[in-house]
1. Tally the residues that are surrounded by 10 or more Cβ atoms within 10 Å (Cβ to Cβ) and modelled with pLDDT under 95, restricting the search to region 1-42.
2. How many residues are hydrophobic (A, V, I, L, M, F, W, C) and over 18 Å from residue 94 (Cβ atoms) when one looks only at region 210-253?
3. List, please: which pairs have Cβ atoms under 7 Å, are six or more places apart or on different chains, and start with a residue in region 95-120 that is without any contact (Cβ under 8 Å) to a residue 12 or more places away in the chain and end with one that is buried (at least 19 other Cβ atoms within 10 Å of the Cβ) and assigned to a loop (DSSP other than H, G, I, E, B)?
4. Here are some residues: 253, 235. Which one is on the phi < 0 side of the Ramachandran plot, of a type in the set (Phe, Trp, Tyr) and not in a helix (DSSP H, G or I)?
5. Quick one: what pairs do we get from region 51-73, first residue more than 18 Å from residue 265 (Cβ to Cβ) and of a type in the set (Phe, Trp, Tyr), second at pLDDT 95 or above and in a loop (DSSP other than H, G, I, E, B), C-beta under 6 Å, 6+ apart or different chains?
6. Considering only residues of region 188-223 that are assigned to a loop (DSSP other than H, G, I, E, B) and acidic (Asp, Glu), which is farthest from residue 176 (Cα to Cα)?
7. Residues being free of Cβ contacts under 8 Å to residues at least 60 places away in the same chain and in a strand (DSSP E or B): count how many of those fall in region 24-47.
8. Looking at 197, 191, which one is under 16 Å from residue 230 (Cα atoms), surrounded by fewer than 24 Cβ atoms within 10 Å (Cβ to Cβ) and either out of contact with any strand residue (DSSP E or B) (no Cβ under 8 Å at 6 or more places or on another chain) or aliphatic (A, V, I, L, M) (or both)?
Amino acid sequence: MKLVLRLVLFVILFLLSVRYIERRSIYFPMREITANPQSAGLPYEEVYFETSDRKRLNGWFIAHDKSKSTLIFCHGNAGNISHRLEKISIFYNLGLNIFIFDYRGYGKSQGAPSESGLYEDAKAAYDYLTKERRVSKEGIILYGESIGGIVAIDLARNKNVEALITEEAFTSIKDMSRIAYPFLPYFIFSSRFDALSKIKNVGCPKLIIHSIDDEIVPFRLGEKLFDAAGPPKKFLKLRGGHNTAFLESEEQFKEGIKSFLSELKLP
């Protein structure tokens with residue numbers, strides 16, 4: 001009996017340790033907002049909206065006076081919206097309205113991050129745009145960087161949007177755990193972030209962006225994600241690090257997105 005109890009205790013402690021490692025490995029939220037679009041010379045409106053489970057989220061709406069198309073920006077797993085000003089400026093200069101928001105637990109948003117929570121946060125952002133701001137669904141473009149790519153993919157398969165763009169997105173926790181923790185079976189992790197199966201159900205035009213130099217999410221996972229997606233789809237190959245390729249390959253990044261957008265029937 002003592003042996004059984006010790007074994008049960010060991011399993012419980014092991015799983016708690018795995019959950020702790022998992023959480024610390026996936027989410028790196030920061031609360032302090034260090035800058036805003038005005039510091040980058042962009043007009044913006046700070047907004048708050050609520051999720052279905054009553055979490056109050058914070059975001060920025062950056063309006064372009066010559067555009068009716070709006071990009072929902074799902075950022076990566078670290079920092080907060082104030083660390084995306086360079087990329088916001090690029091999208092603004094491409095002629096888009098931008099709505100960027102912080103997931104629960106990030107910046108000024110309430111709660112603590114989780115996989116299901118991030119999906120709910122993106123749905124709430126979409127509902128805020130379409131219901132409260134009356135933004136046309138036909139003019140909504142989803143963009144997700146890294147883990148935000150999976151969040152954007154999940155939203156794209158559940159909502160009507162014009163297009164989907166992902167950058168440096170991974171395929172699943174299963175694939176990433178084999179890289180980061182090859183000694184652990186993937187099924188012990190509670191998170192799935194299964195972009196590979198979800199992207200098969202996304203019918204809108206898709207642009208998959210990935211750097212061949214990505215040191216965090218291997219380029220082969222970007223190719224794997226692209227292969228799993230159905231048409232219409234395009235692949236944009238960059239050079240540079242996981243978080244810096246859009247700057248190291250800035251002209252290619254901008255021209256690739258500009259070309260993709262030009263093929264859409266935007267309002």
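The values are calculated or read from the model by the stated rules, or taken from the named source; none is laboratory data. Note that the structure is predicted; figures quoted are calculated from it, not measured. No Cβ is skipped: glycine too gets one built from the backbone with ideal geometry, and neighbour counts run over all protein chains shown.
1. Residues that pass the stated criteria total 25.
2. Let us first name the residues in region 210-253 that are hydrophobic (A, V, I, L, M, F, W, C), namely 212, 216-217, 219, 221, 225-226, 228-229, 235-236, 238, 245-247, 253.
Among the residues that remain, those that are also over 18 Å from residue 94 (Cβ atoms) are: 212, 216-217, 219, 221, 225-226, 228-229, 235.
Of the residues in that region, 10 qualify.
3. Close Cβ pairs (under 7 Å, with a partner that is buried (at least 19 other Cβ atoms within 10 Å of the Cβ) and assigned to a loop (DSSP other than H, G, I, E, B)) amount to 112/104; 112/105.
4. None of the others qualify; the one that does is 235.
5. Every condition considered, the pairs that remain are 60/44.
6. Looking only at region 188-223, we keep the residues that are assigned to a loop (DSSP other than H, G, I, E, B), and these are 189-194, 202-205, 212-218.
Subset that is acidic (Asp, Glu): 194, 213-215.
On the way: 194: 11, 213: 16, 214: 13, 215: 12 Å.
Looking at residues that are assigned to a loop (DSSP other than H, G, I, E, B) and acidic (Asp, Glu), I get 213.
7. Residues that pass the stated criteria total 3.
8. Working: 191 fails: under 16 Å from residue 230 (Cα atoms).
Just a single option satisfies the conditions, and that option is 197.
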